[in-house]
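The values are calculated or read from the model by the stated rules, or taken from the named source; none is laboratory data. Because the structure is predicted, anything quoted here is derived from the model rather than measured. Side chains are part of the model used for accessible areas, which takes the heavy atoms of the whole protein and leaves out ligands, DNA and RNA. Shrake-Rupley method; radii C 1.70, N 1.55, O 1.52, S 1.80 Å.
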Amino acid sequence: MKRKLVIKVQMTGDKCRTKALKLAAGAEGVTSVAIEGDDKSLVVVIGDEVDSVCLTRSLRKKVGYATIVSVAQLEESDEKKDEEDNPTPTICYSGYGQYPQFPSYCRVVSDPWPSNCFFM
């Protein structure tokens, strides 16, 4: 389930805003980050299973005073849910030439908690 977090951060300049955006974008489960508000002091984070307390704590350590303004659940569209419930199988063939090729049905499985680490 996607969450929308709004965190108010005390930022003095563009350097602090850039630092806050980089820190929020690097958090686990974050899909998008934006800065909003009249004085550009609100950091809006959208993602799956984002830990709001951990993110706020790291913003306090690196940028400045931060408080959680709101945490809201975002609704998913019905079309996307229908596609997830009934995935269409794809046919996979084995690549061995000497053996008869029988189709085996595969389906694509996505990771519900993707990691920001690309090295294994």
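Mind grabbing the base-10 log of I(q)/I(0) for region 1-42 at q = 0.23 Å⁻¹? Debye formula, identical points on the C-alpha positions, no solvent, two decimal places.
-0.79
Leaving out ligands, DNA and RNA, and with a 1.4 Å probe, what % of the accessible surface on region 1-68 is carbon or sulfur? The partial results should precede the final answer.
Working: 1990 of 3990 Å².
That share works out to 50 percent.
Per the Kirkwood formula on distinct C-alpha pairs, the Rh of region 1-75 is how many angstrom?
Working: mean 1/r = 0.0837 Å⁻¹.
Roughly 11.9 Å, rounded to one decimal.
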